[in-house]
Each structure stands twice: as C-alpha cells, then as structure tokens.
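Novice: The structure that follows is given in the form of structure tokens.
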Amino acid sequence: MSDPTQNAQQKPGEVQTTGHAWDGDLQEYNNPLPRWWLWCFYGTMVFGVLYWIYFPSWPVGGSWLKGVGTVDYTITDKKTHQAKEQEYRWNTRSLLLSDLNEAANNEKRKTMLAQVRAASFDQIVKDPKMMEFVRSVGKGLFGDNCAACHGSGGQGVVGMYPNLTDNDWLWGGATGQIHETLVQGRKGFMPAFGAVLKPEQLDDVAEYVLTLSNEAKPSEASARGKEIFHGPVGGCYYCHGADAKGVPSQGAANLTDKIWAIADVPTQKTLQDKKAVVKTFVTKGVNNTRIMPAWKGRLNDDDIKLLAVYVHQLGGAQ
C-alpha cells in the first residue's frame, strides 16, 4: 500500500518523488518535463493561433473566420481578352485557380502548346515530344470532361457509351473525324421497325445479323432475314452498307465484327438470348439514348485538338 511518509526519508540531492511509495520501496519520481519538450508544446499552441488567424478556420454564426491569407493569380477578361491580376482570400478554390493559372502560363507548356496548335494531326502523331505533351495534358482533359461517360480508361459502357479503346468507330476513327465529333457532338439514331416488320420477320433479321459476325450459323431463317436486310422491306443496307460494315457518315455500326456497342450479345449464352437482344433494338430502334454533347464553346480549340489526338491514341486508332 502507499506510504505518504516515505518522501520524508529522502536524502539530500536525491530526485524528488511524489511522496507515495508502494510495498516499502517502490516510489513515483517527480521529474520535471524536458525544457525542449515544453518549448515544442508552447510552439504548437502559438502555431495553432497563427494558423487560425492566417487561414479560414472557426465557424462564426452563419459564416466563418475568413483569415488574412491571400492568393494572387491572373485572369483574362472574356470580352477584352486582357490579363488582369487579382487578389483573393486564401481558400482551396483560389489556390486551385492559382495553380491552374501558373500551369497555363508555364513557358515550356506555352511553347509546346504553340507547336501543337501549328502542327497537323499527322505531324503531332509522328512527333514523340508532342505526343508526350498530348498524353500529359490530354489525360487531365479526358478525366475532367470525358471519363464520366466513357470511363477513366475510355473503355465505355455497353449499351450507353462507346468504347474508345477498340477499333470500332461509328463516326470514323481518324483524328480529323474524332475532332469533328468533339466539335459538333453526335446523336445516334436508328429507326424502329416494330411497326414495319412482323414478329417473325424481326426474328429472321435478328438471326441474319448474328450470322454476319459468326454468332449464328446460316439457316433458312437467316436467309429470309438477308432478303429483308438487303431488300426494300427492311432497307437496313442503306445505313449499314451492302457489306454490313457500317457507314461512318451515318454513324451506323459495323455488323460484321464482334464488337457490340449497344446490344450486349457477348454475355448471352444461347442463340435465342442473342436474338432477343438484337431483336429489341431492331424493334424499338435507337433514339435519344446515344447523344454526345458538342464541346465547341465548352472547351477552347486547343483543348479540343489535344483531346482528339489523345482519344486517337487510346488504343483503337485508325
């Protein structure tokens, strides 16, 4: 047990104890904290107070302490196109704008951007330094503006957004065609044949479409579907072409490859399931579900050009 009289037995010069002892000789020392530790502790308190003063901190009523810190960055007036330096209170938004402004005015970046602006698409693709610049800047542009639909790697979503990493391009995969797509946007459309063709005819056309990519073997049904596809009743060849490889000017899909941008055929296990998927789109058509917005006016010309080259090199370039 504790013995409060033990402290009185200390010899002069010995370290002071708290005056408590256990089992006769077990004592608790009363050593002072090291001076360096105390100064560090006091320093953190001073730092905390200065931090609250300089940066936004405590909530006050319906607002908060704004702090005295500021961030300077240059903005360009959209009407006069004149650069003007502004000073703003420090916050994460103004700090981001300052960083973006600093990056945009970086001399090396401006030099490379000028080279890309003056070069043709073929010259950019063949120049390693310009392509390195395109990948660096384009990745950020793609992540900010395109990844929400096409995915961070451009892999797309079957039935909704095209895969940009394969070699299937509805509107053409040349760099100039991709640039045109970005500038003016695209609206996918396919008329509905549910009111034009009978149910058995829809089955025949769906089966014929599957034979084009070897998803089904030729049969009497597919032969009937071929006549509808290439004849005046269906007239599918007007958009998809006589060889069924698609017409880029119409945004019509290539039906001879195994790439299915809308109909999720590869995941179906039986022929009937595959036919059902294809038949759905033949019956209902495609309208107002395949829209890509125009980026002209949203992004400047330089950013659109960089994005066109970046998308071109994702893996499905033509």
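Quick note: the coordinates plus some simple rules give every number you see, no bench work behind them. Fair warning: this is a prediction, and the values are worked out from it, not measured in the lab. Here Cβ is always computed from backbone atoms with ideal geometry, including for glycine, and neighbour counts include all displayed protein chains.
Novice: Using the per-residue mean of other Cβ atoms lying within 10 Å as a proxy for protection, in what order, highest first, do the peptides 256-267, 170-181 fall?
Specialist: Top to bottom by mean Cβ count within 10 Å: 170-181, 256-267.
Novice: Okay, moving on. Taking springs between alpha-carbon atoms closer than 10 angstrom, which of VAL158, VAL277, VAL60 fluctuates most in the Gaussian network model of the chain?
Specialist: Of the options given, VAL60 has the highest mean-square fluctuation.
Novice: I would also like to ask the following. What are the radius of gyration and Dmax of region 50-144, computed over its Cα atoms and given in Å?
Specialist: Computed over the Cα atoms of region 50-144, radius of gyration and Dmax are 18.9, 60 Å.
Novice: Say we join alpha carbon atoms closer than 10 Å with springs in a Gaussian network model of the chain; which of TYR29, TYR238, TYR73 then has the biggest fluctuation?
Specialist: TYR29
Novice: Now for a separate question. Could you list ILE291, ILE304 in order of exposure, starting from the residue whose Cβ has the fewest other Cβ atoms within 10 Å?
Specialist: Fewest-to-most Cβ neighbours within 10 Å comes out as ILE291, ILE304.
Novice: Suppose a student asked you for the relative contact order of region 18-109, using Cα pairs under 8 Å spaced at least 6 residues apart; what percent would you report?
Specialist: Answer for region 18-109 is 16 percent.
Novice: Taking amide H positions as placed in the peptide plane 1.01 Å from N, state which residues far from THR17 in sequence (5 or more) or on other chains have amide H under 5 Å from it.
Specialist: ASN30
Novice: Please state, to two decimals, what the Cα-based radius of gyration of region 109-168 comes to when divided by 2.2 N^0.38 Å (N = residues).
Specialist: Output field value: 1.31.
Novice: All other residues with a Cβ under 14 Å from the Cβ of GLY185 taken together, and with Lys, Arg as +1 and Asp, Glu as -1, what is their net charge?
Specialist: Taking every Cβ under 14 Å from that of GLY185, the sum is +4.
Novice: Another one. R0 = 41 Å: FRET efficiency of ASN91 with LYS126, Cβ-based, nearest 0.05?
Specialist: Step by step, r from the Cβ atoms, then E = 0.40.
Novice: If I build a Gaussian network model for the chain, linking alpha-carbon pairs within less than 10 angstrom, which residue out of SER136, SER222, SER94 has the largest mean-square fluctuation?
Specialist: Comparing SER136, SER222, SER94 in a Gaussian network model of the chain, the most mobile one is SER94.
Novice: Would you kindly calculate the translational diffusion coefficient of region 194-318, applying Stokes-Einstein with the Kirkwood radius from alpha carbon pairs, for 10 °C and a viscosity of 1.306 mPa s, and quote it in µm² s⁻¹ without decimals?
Specialist: Rounded to a whole number, D works out at 98 µm²/s.
Novice: While we're here: Please report the relative contact order for the chain, taking Cα pairs under 8 Å with a sequence separation of at least 6, and give it as a percent rounded to a whole number.
Specialist: Computed over the chain, the figure is 17 percent.
Novice: Arrange the following residues from fewest to most other Cβ atoms within 10 Å of their Cβ: ARG186, ARG117, ARG35.
Specialist: So the residues, fewest neighbours to most, are ARG35, ARG117, ARG186.
Novice: Once amide H atoms are built 1.01 Å from N in the peptide plane, which residues 5 or more positions from CYS146, or in another chain, come under 5 Å H to H?
Specialist: Amide H to amide H, under 5 Å and 5 or more residues apart or across chains, CYS146 pairs with nothing.
Novice: A further question on this structure: Which whole-number value in Å³ per residue fits the convex hull of the alpha carbons of the chain?
Specialist: Convex hull of Cα atoms, per residue: 347 Å³.
Novice: Sequence gap at least 6, Cα distance under 8 Å: using those rules, report the relative contact order of region 144-312 to the nearest whole percent.
Specialist: Here the relative contact order equals 34 percent.
Novice: Name the residues whose placed amide hydrogens come within less than 5 Å of the amide hydrogen of ALA119, ignoring near sequence neighbours (fewer than 5 apart) on the same chain.
Specialist: Under 5 Å from the amide H of ALA119: no residue qualifies.
Novice: Work out from phi, with θ = phi - 60° and the Karplus expression 6.51 cos²θ - 1.76 cosθ + 1.60, the ³J(HN,Hα) of each residue of region 107-120, listed in order in whole Hz, and give x for Gly and Pro.
Specialist: 5, 5, 5, 5, 5, 5, 5, 5, 5, 5, 4, 7, 8, 7
Novice: Sum -39500 (n - 2.57) across every DSSP H segment of at least 4 residues in the chain, then divide by the residue count to get the 222 nm mean residue ellipticity, nearest 500.
Specialist: -13500 deg cm²/dmol
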